[in-house]
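> Dropping a structure here in structure tokens format, bear with me for questions.
FYI, it's all coordinate maths here, none of it is from the lab. Being a predicted model, the structure only gives us computed values, none of them experimental. All Cβ positions, glycine included, derive from the backbone under ideal geometry; neighbour counts span all protein chains shown.
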Amino acid sequence: MSGKLRIRVDQDKCQGHARCKSLAPELFELDTYGNAHEVGDGSVPEALTDKAWLAQSNCPEIAIEVIEE
Amino acid sequence: MSNHAPVTDWVHDFDHTDPRWTENPYAIWEELRAASPVVHTERFLGCYLPTTFEAVKQIAYDTEHFSSRRVVVRDVRPDVIPSPPITSDPPEHKPAKQLLLPLFTPDAVKKLEPKVRAICNELIDGFIEEGGCDVAARYSKHIPVRAIAHMLGIPEMDSDRFIKWIHEILELGIKDQSILMMAVQEMSIYFAGHIEHRKKHPTSDLISTLMNARDKDGQPLPDAHVQGSLRLLLIAGIDTTWSAIGSALWHLAKTPGDRERLIAEPELMPTAIEEFLRAFAPVTMAREVMKETEIGGCPIKPGNMVLLSFPAANRDPTVFPDADKVVIDRKQNPHAAFGLGIHRCVGSNLARMEMTVAIEEWLKRIPDFRLDPAGKVAWSEGTVRGPRQLPILFEKAR
């Protein structure tokens, strides 16, 4: 659990529940249809690690990947 | 109109309109889940019920074997009444939904928040001196109907008429096709008037937005498409959120600990709202089996309907520990209250906003309230579950 984290929203799976945006607004943004994308290149600042995991575990479509680099 | 025989064998003969299911479906779902991931009844001309989160999800994701053209399980199979995109399958579904999605993003619905706050306070003003009220009839019922009327650009004072149509389409219409068709026809005539008026006097509301929409070939939508989407927005946006707000207040009325905690720790509100949505998910959808397949090892045959119970999925203890407890600070809660897959509720962000505002304003004005021991809580039957009568008592305003 020591490496850096990166997040990625699978666009085929995301259905726009927007749970991630609500739980971790610093890490996710929504497009005009309300579907989520990771902010920037998806790098997770260390202070937001918990929020990244929280967003991932609350996505009903299991569309968020958290990659440990 | 047919009256249904009482159920004696839930596993082989379930009926979601049985009064015991209406009163308290949770123990029934537990029994069915223990029996099989999918159960079947001969009622409703044949219908399956997936009982686990996994089985519900598989069916929701499988648009090849399961069609959305009928989204309510009824005694009969009336002609399909298209209400795109909820009744659309791929490939028609995506463009129809993309017309509506931008109107219901979190940012878009946030603009409506002051309006909803004002509606809530106006309603509370109406009964706060009385020391008690029927929450369902005086509060939760009126919030979503007035909000969606405002968005559509139709008079809020027509609310009673909308509520009547919804009751006829989603409850009485399950067992009586003529009531269903009559309500659909009345709605069509109503909306046709509003559409005609806007042809001469364009507005900036949702009806005009749909009328001005263009498909990928630059063509306006056929009137039938506009009518269908309007029907969907009016029907789906009202008794669903009415039910969700009512259920949340029902829980808070009988759970002083949660009420006090929410007032002391308002930052818990978003988590609590998601938990109310999980535990009291109001909406059960339906699918029609188009091709033979298998779900959870159970054979699924065409010609049957599927009662797609997102509320039952949300009570699956293998996904949600202590599934039958309401835990307002539940950390992991990937619930399916707004559906799963391509048909995720288009109004989910609006519903969340309305629920949040309705509970916040209520707790500000009426922090201490309880169920009226002399009254009776009554629940709606069928497709959407929530309290239709919810008598409570509180201290009069000081």
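> For the stretch B:311-334 and the stretch B:350-398, write down the distance between their C-alpha centroids in whole Å.
With the stretch B:311-334 and the stretch B:350-398 each reduced to a Cα centre, they are spaced 22 Å.
> Sticking with this structure for a sec: Can you tell me the mean projection area, over all orientations, of the convex hull of the stretch B:266-360's alpha carbons? Units nm², please.
So the Cα hull casts an average projection of 7.1 nm².
> In units of 2.2 N^0.38 Å, what is the alpha-carbon radius of gyration of the stretch B:271-319?
Details: Rg = 13.9 Å, N = 49, 2.2 N^0.38 = 9.7 Å.
In units of the globular-protein estimate, the stretch B:271-319 measures up at 1.44.
> Under a straight-distance cross-link criterion of Cα-Cα below 19 Å, which lysines are reachable from B:Lys254, leaving out those fewer than 8 residues away in the same chain?
Hits, sequence-local ones excluded: B:Lys325, B:Lys364, B:Lys376, B:Lys396.
> Using helices alone, what [θ] at 222 nm do you get for the protein assembly as shown, with -39,500 (n - 2.57) per DSSP H run of 4 or more residues, divided over all residues and rounded to the nearest 500?
On the way: 19 runs with 195 residues, N = 467.
Calculated mean residue ellipticity at 222 nm is -12500 deg cm²/dmol.
> Also: Gaussian network model of chain A, Cα springs within a sub-10 Å range: biggest mean-square fluctuation belongs to which of A:Ser57, A:Ser22, A:Ser43?
Checking each option, the largest mean-square fluctuation is seen for A:Ser22.
> Could you work out how far helix A:49-58 tilts from the main Cα principal axis of chain A, as a 0 to 90 degree angle to the nearest 10?
With both axes taken from Cα atoms, the answer is about 40 degrees.
> Helix hunt in chain B: which complete DSSP H runs extend at least 30 Å axially by C-alpha with mean Kyte-Doolittle at least -1.0?
Sorted by number, the helices that extend far enough and score high enough are B:177-200.
> Please label the shape of the stretch B:1-158 as rounded, prolate or oblate, based on the square roots a ≥ b ≥ c of the eigenvalues of the alpha-carbon gyration tensor (a/c under 1.5 means rounded; beyond that, a/b larger than b/c means prolate, else oblate). Write down the numbers at each step before the final one.
Working: a/c = 2.22, a/b = 1.36, b/c = 1.63.
The shape class here is oblate.
> Roughly speaking, what is the centre-to-centre gap between the stretch B:149-197 and the stretch B:1-47 when only Cα atoms are used, to the nearest Å?
After rounding, the separation between the Cα centres reads 29 Å.
> I need the GluC sites (Glu not before Pro) found in the stretch B:217-303, filtered to DSSP loop residues with at most 11 other beta carbons within 10 Å of theirs. Write out the running numbers ahead of the final one.
Details: sites: B:Glu260, B:Glu267, B:Glu274, B:Glu275, B:Glu288, B:Glu292, B:Glu294; in loops: B:Glu292.
Those that pass, being in a loop and sparsely packed, are B:Glu292.
> P(r) of the protein assembly as shown in 20 Å steps, Cα pairs, percent per bin?
24, 59, 17, 0
> Would you mind classifying the stretch B:10-394 by shape? Square roots of the alpha carbon gyration tensor eigenvalues, ordered a ≥ b ≥ c; an a/c under 1.5 is rounded, otherwise it is prolate if a/b is larger than b/c and oblate if not.
Verdict is oblate for the stretch B:10-394.
> Separate question: Let me make sure I get this right: for the stretch A:5-68, a, b and c are the square roots of the gyration tensor eigenvalues over alpha carbons, sorted descending. Under 1.5 in a/c it's rounded, otherwise prolate if a/b > b/c, else oblate. Which is it?
Working: a/c = 1.57, a/b = 1.46, b/c = 1.07.
Prolate is the answer for the stretch A:5-68, as a/c is 1.5 or above and a/b outweighs b/c.
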